[in-house]
1. Which values of log₁₀ I(q)/I(0), to two decimal places, follow from the Debye formula for the range 26-82 at q = 0.31 Å⁻¹ with a uniform point scatterer at every Cα?
2. By a straight-distance test (C-alpha under 21 Å), which lysines pair with K48 as possible cross-link partners, with residues fewer than eight away in the same chain excluded?
3. Could you report the accessible area of R72 in Å², rounded to 10, computed with a 1.4 Å probe on the protein chains as they sit in the structure?
4. Nearest 500 deg cm²/dmol is fine: what mean residue ellipticity at 222 nm does the chain get from its DSSP H runs of n ≥ 4 alone, each adding -39,500 (n - 2.57), divided by its residue count?
5. Give the distance, in whole Å, between the Cα centre of the range 604-665 and the Cα centre of the range 412-477.
6. Please compute the alpha carbon radius of gyration of the range 280-405, then divide it by the globular-protein estimate 2.2 N^0.38 Å. Two decimals is fine.
7. Given labels modelled 7 Å from the Cα in the Cβ direction, how far is it in nm from N493 to L49?
8. How high is the FRET efficiency from Y620 to V645, r the C-beta distance, R0 35 Å, rounded to 0.05?
Amino acid sequence: METSKNRTMTDSQNRTSSDELIFFVNGKKIVETNPDPEMTLLTYLRRKLGLTGTKLGCAEGGCGACTVMLSRYQAEPQQLLHYAVNACLAPLCSLHLVAVTTVEGIGSVARKLHPVQERIAKSHGSQCGFCTPGIVMSMYALLRNNPTPNMADVEEAFQGNLCRCTGYRPILEGYKTFTMEGGCCGGKGKNGCCMANGNGDFQGSKDKPEEATSLYNTADFEPYDPTQEVIFPPELMNLSKGQRSSRSLCFHGDRTTWLQPESLDELLLLKWKHPDARLVVGNTEVGIEVKFKNMVYPVILAPGFIAELNAVTHTEDGIVFGAACSLSHMGAVLKEAVQTLPPHQTEVFQAVLEQLRWFAGQQMRNVAAIGGNIMTASPISDLNPVFMAAGCKLTLRDKDGSREVQMDDSFFTGYRKTIVRPQEILLSILIPYSKKCQFVSAFKQSPRREDDISIVTAAMSAIFSPGTDIVKDLRLSYGGMAPVTVLAKKTANRLLGRQWGEELLQKACSSLAEEMSLDPSAPGGMVTYRQTLTLSLFYKFYLTVLQKLRLQGLNVQEVSSECLSATEIYHPETPSSVQVYQAVPEGQNQDDMVGRPIMHLSAMKQATGEAVYCDDVPLYENELYLALITSTKAHAKILSVDVSVAERCPGVVCCLFASDVPGSNVTGVRQDETVFADGQVTCVGHIIGAVVADSQLHAQRAAKAVKIQYEELKPIITIQEAIAAQSFYEPIRTIQNGDLEAGFKQADHILEGEIHMGGQEHFYLETNVTLAVPREEDGEMELFISSQSPSDSQYFVAKALGVPSNRVLVRVKRMGGGFGGKESRTTVLSTVVAVAANKLKRPVRCMLDRDEDMLITGGRHPFYGKYKVGFLQSGKVVALDVAFYSNSGNSMDLSQAIMERALFHMENSYRIPNVRGQGFLCRTNLPSNTAFRGFGGPQGMMVAENWITDVAHSLGRSPEEVRRLNLYLEGESTPYNQILHGLTLDRCWDECLSRSEYEQRRTAADLFNRQNRWTKRGLAIVPTKFGISFTATFLNQAGALVHIYRDGSVLLTHGGTEMGQGLHTKMVQVASRILGIPCSKIFISETSTNTVANTSATAASASSDLNGAAVQNACEILLKRLERFKTKNPKGSWEDWVNAAYFDRVNLSANGFYKTPDLGYDFDTNSGRAFNYYSYGVACSEVEIDCLTGAHKNLSTTIVMDVGHSLNPAIDIGQVEGGFMQGLGLFTLEELHYSPQGVLLTRGPGSYKIPAFGDIPTQLTVSLLRDAPNEKAIFASKAVGEPPLFLAASVFYAIKDAIRAARAESQMMGPFRLDSPASAERIRNACCDRFTKLCPPAEPGTFTPWSVRV
């Protein structure tokens, strides 16, 4: 027998040819004769099979855009397994005898949509649509396993999916219709009838018939029939049964050989022969290392199908899991054990399950192996502390035998190292039953609850002498406190033999503070917070154990009722929501769609993966791929560039640098940038050159091989460094009004303060992408770009190529999100790609990886605001002097306009008679910051809300009282002398107070805070006033081109681009109303520079206003031309009139144009109209914070938004919710970390957290203010894109309100500083208490921090 085993091993090793890889995609058999071990399923689907519905969002398994479903037949027990995975991490070679289902495989617009696709579209859950296929596939995989899930299952299925547009609510609501809870409530609904919660027909509320509350009709949904699903391919079933997939396989690639052994013995022999080989099951770690850490593994062993490694055995000591068991499978087994065994035996199991709840996303848990999690030896592992505290036993095995080791502090020998010998493998882990007197708890603290990497994890196990409260054994295990998972042994030993009481607690805390100390420069930063957490988490454990001891009848100290909340385990509530808008007037024509909640025109295509984005354009025959060469230094001279190694790399065609630019290398909004760096770099990520090769992989590998030598210069990274060096861009803007000196003299009180606001990454799901196709003659070039500003892209490309703009055609079909990030910064990529295509006369493509995009393209400007405010005893503010500093980065870009908007919004919604605002643009060595939804407005208003809160706190009054007192009134004027007409702030405020039941909530929160020491609730109500217009007057123009064809169909083009905000949908609605024809007759194909020229960027929330008016103008011209044919034939159809006009030789094409009248503000004279009108809104939010960990829950938010007469309530409510959630990220979650040398440390969804499904408020009400027409814009509507974002500040100030209640417990009163975002770290550190006192921060200046606040 031995010989045959040896033979299989040597066979698989010595074959130079690869085996055949057989798998199925959407029911079609694929036989790959030469699979590349380094290729992912995603690349194969998109590039080899042309299935572009599956998207690339991050390449690290953190966003879910690439989710597909895998199905395989399992022989033991005989069953089919269906599970969702991230295609960006799934190795192609791991798919032998697997069926892959992609979004294209379940339905299409042409054939028929699957109910999962149809419902997300019809419930308005798809805006830009780039994340939609992944969300569809997560839901589809859930339904294949469980046709009637409950809402908790749905929420769990989406833990690994992100969306940046919708705010998640419509997705959950649409998919609720598949759940047990989602059918009709039969009048027993928790929040009233289900008909009123978006599930019923379109109807008004009973007391106000003109108010509508549902945005779609569930009766339109196709019923879901699980029996109609695609079957598992019968041929694959036979193959699986025949081969049992146990033949050993070998696949050779350029750099890697993939070996899939058939038996444990063969695996052990291979590991003996290749001790450095990596074992790969889910590829969730190795995939990241190869992609982002440039690791090369010549031999990869895939043991995923070996029976012993997948076995689960119940023994008398516990449950033994084979090391290749997936985390999902382990979770399922442990859940069953917890339900069937007596509770005292399952303490460890419950601790493991608690960690698994928040462990990555479903797609990762489905493939990640328990053994991989242990062997990766991550210092912040969620599970290793539990295994260590529980004393789990590991079985290690090599070809000569096995040994058993206990997981204790000797198992991890150093950073990511263990005692496992190179030729050994981890065979299994025993998770033990707990004992009668044993209590185990596990904790995880991370910036975001779901799918996040922990800051600190902990697991604690206490064993007591039977019948007593005397500690017999104690294990306290921590992750995130050292380079390895550690046990706090000294502390544990000091507590042995003691009674579990207050004295033990004090001893434990002082001992832990000493034992768990961190170097102030420790990687990961947040040092004070992490040290405090070690104590806070122990305190939670202490209280939990006290409670359990009491339950066992022991006479121990009782946990007081006010401390009980510290022991509660977080269980999310299913969110509920209400949307209210004004129904269209009775008698409005059925074909007139203006004011109706119609679906986004591309939603169906987006849900089936058929919508084409830039990188989905099929590959051209001789196309090349480009990768960027970027600077690794923030400020340096380039001494030399060595491309010799890069040019010898496989597939490389050429390298490009500044000398290759045929036209001008000078570029940028202010002409202060270059296409390629020339002699000097001024930020990390500065583009120095590019490599062009035959594939993305080859181009990226070659770019990494370019060697650059620098002479470093001193960089300026932070705002404070820029202020110290007086490094500012000119001009320094000022707006002044009234008499400041007199104002401060009049004031009863004067208060000074400051606040810092962090920046924000756009995180559009589709990164920047350009495809440049040179034409044969006259220097023509066609570019497909994901850009909000096609005309600017055209201009900059033409300039770089040295040709007139009329030779460059830029086409934009749609973007997978923009948010301002694709307004001016897309040109940094598109000019480079155009130069390459021009030089090589071949099509060139480049889509940035997420880490490159985050590094290179800049984001929202970090702001620092300093203020001095004078106010009366009543709370009325009489004087304000404020200075803003923005971190602009290494070029001007749009920073001046952004600062101007911040100054225009410095008073938010409050009337201040004497005011001065100054704006300084800090010139630093960071990538240039740029436009981002709100464009400086949120930063200006944030500072205003900070001082109004300070005023209230210093007077001991409630902030809402002081806010209400200072609100603008109709006819008052702003600091820049614009009179406010049509002001609806007071109406929004009053409606928000009543809809949110503010008074009742405030009373209830005060009571809650008196009854709870360690959890506090807070409320805040915040207004916003947002000026609508580009602050640069010349941009307030738009064009449209309308063709009517002989068959009566209409082709509409306008200057705006579609990025998910529904602009094209609204424009079709506008044209439909004016032409008097149904929307189905009107089509918008794309935005292009050869149809409408000299367009402004789609930005400033003004696109519907500007383009809508231009479309109206064009359509009215055409109507006028058709008038006489209508008069002649009044009973005729639209087609009749069009035909008659054509035969009468009437021009059926028209150009429309619009410019906003009477605009033009002058800073020198402080006169002229800055804005055409204002959008107003008010939001009230309630939160609950955990004072011990800094975590918070968003309990409820009520938003009242004035959007005039909404053109499309579904799209407008989508914008309100999406903008609010983006603001929620900005103010509470999203943090960019930069090293002191200016290197961005947060370069992907793993380290940079945008809000996820679980972050939406548990109760969310959005009401569009009724009867508020706006005569300044198309059909009395108002802009809606940016204004709602700032309303999320209500969550920030609710958090601040809750912290204030916590500080009062420690007798700390009055104003205090809380910078934005209000992260868990900032919340915890602001709640001063006995634990924070034990962990004082190190003195600034005595150490080099891991990251600096820019």
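The values are calculated or read from the model by the stated rules, or taken from the named source; none is laboratory data. Only a predicted model underlies this, so the values are computations on that prediction, with no experimental measurement involved. Cβ atoms come from the backbone with ideal geometry, glycine included; neighbour counts cover every protein chain shown. Just the protein is used for accessible areas: all its heavy atoms, side chains included, with ligands, DNA and RNA removed. Shrake-Rupley method; radii C 1.70, N 1.55, O 1.52, S 1.80 Å.
1. Once normalised to I(0) and log-transformed, intensities are -1.27.
2. Straight-line reach from K48, under 21 Å: K28, K29, K291.
3. Its accessible surface works out to 60 Å², give or take rounding.
4. It lands at -9000 deg cm²/dmol.
5. Distance between centres, Cα-based: 46 Å.
6. Dividing the Cα Rg of the range 280-405 by 2.2 N^0.38 Å gives 1.10.
7. Between N493 and L49, the label points sit 5.9 nm apart.
8. Once rounded, the FRET efficiency stands at 0.75.
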